[in-house]
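Accompanying notes for the structure given below.
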Amino acid sequence: MVLSLRDVSLSLAGNAGRVDILHGITLEVVAKDTLGLVGPSGSGKSSLLMLMGGLERATGGEVRALGRDLTAMDEDALARFRREHMGVVFQSFHLIPTMTALENVATPLELAGVADAFDRAAAELDAMGLGHRTGHYPAQMSGGEQQRVALARAAAPRPDILLADEPTGNLDQTTGEAIMDLLFGLRDRHGSTLVLVTHSRELAERCDRVVRLVDGRLDDDRRKVRTEAAE
C-alpha cells in the first residue's frame, strides 16, 4: 500500500478557537493509482493532501506512506522522506524567480546529492516540451510554461508519490488540458502514484478513483473501471 490513512483527524487553532478540518478519514491508495480528491471549497481536500505529504501533521489517527508512519517522524525526517519519495505541485508555481528553469529543476536534485542533477533536469524539461526554455527565468515564461517547470521539478527525482493541488487552477482550458496530459504521463514514465485535488470535472474523470469530501468527512469513494489493458 503506497498511502494508508487510519481514522485521521486534523484540527487547527484559529482566532475564534480550535477549528476541526478533517474527521475520521480512513483511506488507502495503491501503487500507480491516480486518485482525485473533489468536493466543495473548504471541504478539506487540500488539507488531506498536505497530510499525505507530511506537510501538515494529523492531530489524530495515523498516516503511513510506503509503509512509514509519517505521524511519528520529526520535521527533519519528514523533509528527507519527501525529498527521496515525493513530488509536490501547487496551484501557485513556487518557482525561484532568480533561477532559470534549469536551475529551478536541478537545484533540489543537487541538494539531494544527485550526481547528474543538471543532465536529469534538462531531460525532464525536454520531456515537458521546454527544452528550448532551460535558460529562461520564470518572469520570461507564460503561466503554462511555469507550471511545466514546476511539474519537471516535482518529477525529476522520479518520486514514488506525486501530489498535486489544483495544478490547472490558474491556467486557461487549453493549457490546463496540456498539463493534465503531462501529469498522467508521469505515471507511465516514472511509475508514480498520483493524488490530486481538483475542481475540474474533466480532470477528476481521468482518475482511476475519485474521493469526495464534504465538511471534512469522506462522503463518496468511487473506483473507475479501467478500459485500457491492465498493467
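Structural remarks
- All conditions but one from (1) free of Cβ contacts under 8 Å to residues at least 12 places away in the same chain; (2) open to solvent by 50 Å² or more (accessible area, probe 1.4 Å) apply to Gly131; the one that does not is (2).
- Count of residues meeting criterion [in a helix (DSSP H, G or I) and either under 12 Å from Gly54 (Cα atoms) or in contact with a strand residue (DSSP E or B) (Cβ under 7 Å, 6 or more places away or on another chain) (or both)] in region 76-94: 9
- The set of residues in region 116-154 that are polar (S, T, N, Q) and part of a loop (DSSP other than H, G, I, E, B) comprises Thr134, Ser142.
Yes/no matrix, rows are residues, columns are (1) open to solvent by 20 Å² or more (accessible area, probe 1.4 Å); (2) in contact with a Lys or Arg (Cβ under 7 Å, 6 or more places away or on another chain):
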| site | (1), (2) |
| --- | --- |
| Ala150 | no, no |
| Ala154 | no, no |
| Glu166 | yes, no |
| Leu171 | yes, no |
| Thr175 | yes, no |
| Leu183 | no, no |
| Leu186 | no, no |
| Gly191 | yes, yes |
| Leu196 | no, no |
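- Scope region 12-54; condition charged (D, E, K, R), at pLDDT below 95 and in a strand (DSSP E or B); matching residues: Arg18, Asp20
The values are calculated or read from the model by the stated rules, or taken from the named source; none is laboratory data. The shown structure was predicted, so the numbers you read here are calculated from the model rather than taken from an experiment. Positions of Cβ are backbone-derived with ideal geometry, glycine not excepted, and every protein chain shown enters the neighbour counts. When the accessible area is computed, the model is the full protein with side chains, heavy atoms only, and any ligands, DNA or RNA have been set aside. Shrake-Rupley method; radii C 1.70, N 1.55, O 1.52, S 1.80 Å.
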